[in-house]
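Heads up, the thing below is written out as structure tokens.
The values are calculated or read from the model by the stated rules, or taken from the named source; none is laboratory data. Everything numeric here is computed off the predicted structure, so don't read it as measured data. Positions of Cβ are backbone-derived with ideal geometry, glycine not excepted, and every protein chain shown enters the neighbour counts. Note: accessible area is taken over every heavy atom of the protein model, side chains too, but ligands, DNA and RNA are not part of it. Shrake-Rupley method; radii C 1.70, N 1.55, O 1.52, S 1.80 Å.
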Amino acid sequence: MNLKRTAGALAAAALALATIPAHAEGRLRIAEQYGVTYLLLNIAQDQKLIEKHGRQQGLDIKVEWTQISGGPAANDALLSGAVDVVGAGVGPLLTIWDRTTGKQNVKGVASLGNFPYYLVSANPKVKSLADFTEKDRIGLPAVGVSVQARILQMAVAKQWGDKDFTRLDKLTQTLPHPDAAAAVIAGGTEINAHFGNSPFQEQELAQNPNARVVLNSYDVLGGPSSSTVLYATEKFRNDNPKTYRAFTAALADAAKYATANPEGAADTYLRVTKSNVDRALLLKILKNPQVQFKVAPQNTYPLAQFLHRVGVLKNQPATWRDYFFDDPVIGQGG
């Protein structure tokens with residue numbers, strides 16, 4: 001036996017194996033939730049923008065889409081390896097970033113734009129947070145941890161102090177946005193308020209004469225803010241650089257399309273989601289000056305500061321860049 005030749009062959013084989021990625025690029029599994037805040041994903045899916053940018057890099061990307069409800073479910077899906085990228089509010093992103101720092105290192109990929117969240121009540125007696133009583137129930141995606149729940153806690157802390165930031169948590173109930181909206185519109189159930197998103201909050205205001213806005217998320221956060229974000233593990237980003245670049249480039253294209261063509265964006269949303277929302281109402285939402293299609297995160301840091309201050313986050317981010325991956329596409333965020 002030629003030991004030198006055998007050793008050389010083994011070394012070559014080992015080197016070849018070392019250069020093979022853990023899994024081949026070209027597969028992207030995305031989990032989204034309900035609402036117009038996911039419009040950029042709807043556009044990317046409808047126009048096959050991820051596949052387009054993949055081909056430009058010589059990659060045939062197979063994209064798989066799934067829908068879930070609530071930040072905890074999104075985080076569980078990501079950490080279990082069931083999906084590669086999830087969409088949820090800034091609150092769930094901060095939670096999973098904090099818990100995985102030094103381990104899976106989950107961080108934000110991009111924003112899906114700035115949308116105001118409304119806390120809508122159908123109780124005529126409720127005109128402010130102070131008017132909620134034990135008889136009221138507020139539907140939201142996930143009690144205590146969804147971005148709506150966290151913004152509610154932040155608003156409560158501003159009114160009653162940080163020590164009482166969970167004061168209204170006992171009135172909240174976990175419900176998918178479509179179910180909470182149906183309850184508020186129909187009336188007659190224990191759910192008489194909903195901290196939701198578009199188009200559900202606008203449907204409530206249009207279809208229930210008693211419905212009113214009690215709280216606007218922009219007022220709590222101090223201005224336009226990223227409502228929904230996308231995030232992934234560090235391993236997925238490192239193992240799939242071309243797929244990752246194709247995804248972020250597709251999001252940037254989708255944002256440009258939505259900004260320039262709200263009519264087409266509205267039709268895309270109706271086609272992809274099979275939603276029964278009134279088209280005129282949908283266009284009104286997309287043309288709202290408070291709605292901005294930007295992939296760069298905006299004004300997310302105030303919530304991060306609050307959550308660390310009240311002890312929800314163990315790790316204190318110095319800036320928004322601590323919980324977002326560095327990527328030219330998202331540029332100057334916040």
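Of the residues THR233, THR319, THR273, THR259, which is open to solvent by less than 40 Å² (accessible area, probe 1.4 Å) and among the hydroxyl-bearing types (Ser, Thr, Tyr)?
THR233
Do you know which of the residues in region 226-268 that are outside any helix (DSSP H, G or I) and touching a Leu at 6+ places or on another chain (Cβ under 6 Å) is modelled with the lowest pLDDT?
THR228
Being touching a strand residue (DSSP E or B) at 6+ places or on another chain (Cβ under 8 Å), surrounded by fewer than 22 Cβ atoms within 10 Å (Cβ to Cβ), of a type in the set (D, E, K, R) and on the phi < 0 side of the Ramachandran plot narrows it down to one of ASP136, ASP84, ASP98, so name that one.
Answer to the selection: ASP136.
Within the bounds of region 145-153, is there any residue that is assigned to a loop (DSSP other than H, G, I, E, B), at positive phi and open to solvent by 30 Å² or more (accessible area, probe 1.4 Å)?
Within region 145-153, none of the residues are assigned to a loop (DSSP other than H, G, I, E, B), at positive phi and open to solvent by 30 Å² or more (accessible area, probe 1.4 Å).
Given the conditions (1) touching a residue at least 24 places away in the same chain (Cβ under 8 Å); (2) buried (at least 19 other Cβ atoms within 10 Å of the Cβ), which single one is not true for LYS242?
(2)
Could you check how many residues of region 20-74 are polar (S, T, N, Q) and free of Cβ contacts under 8 Å to residues at least 40 places away in the same chain?
2
Starting from region 200-227, keep only residues that are in contact (Cβ under 8 Å) with a residue 24 or more places away in the chain, then list their pairs with residues that are open to solvent by less than 30 Å² (accessible area, probe 1.4 Å) and charged (D, E, K, R) whose Cβ atoms are within a distance under 8 Å, requiring at least 6 positions of separation or different chains.
Within 8 Å, the pairs are ALA211/GLU204.
If I filter region 230-241 for residues that are polar (S, T, N, Q) and touching a helix residue (DSSP H, G or I) at 6+ places or on another chain (Cβ under 8 Å), do I get at least one hit?
yes
Here are LEU307, LEU286: which of them is open to solvent by less than 40 Å² (accessible area, probe 1.4 Å) and over 19 Å from ALA88 (Cβ atoms)?
Answer to the selection: LEU286.
If you take the residues in region 1-48 that are among the small types (Gly, Ala, Ser), over 27 Å from ALA182 (Cα atoms) and modelled with pLDDT of 50 or more, which one is surrounded by the most Cβ atoms within 10 Å (Cβ to Cβ)?
Ranking the qualifying residues of region 1-48, first place goes to ALA44.
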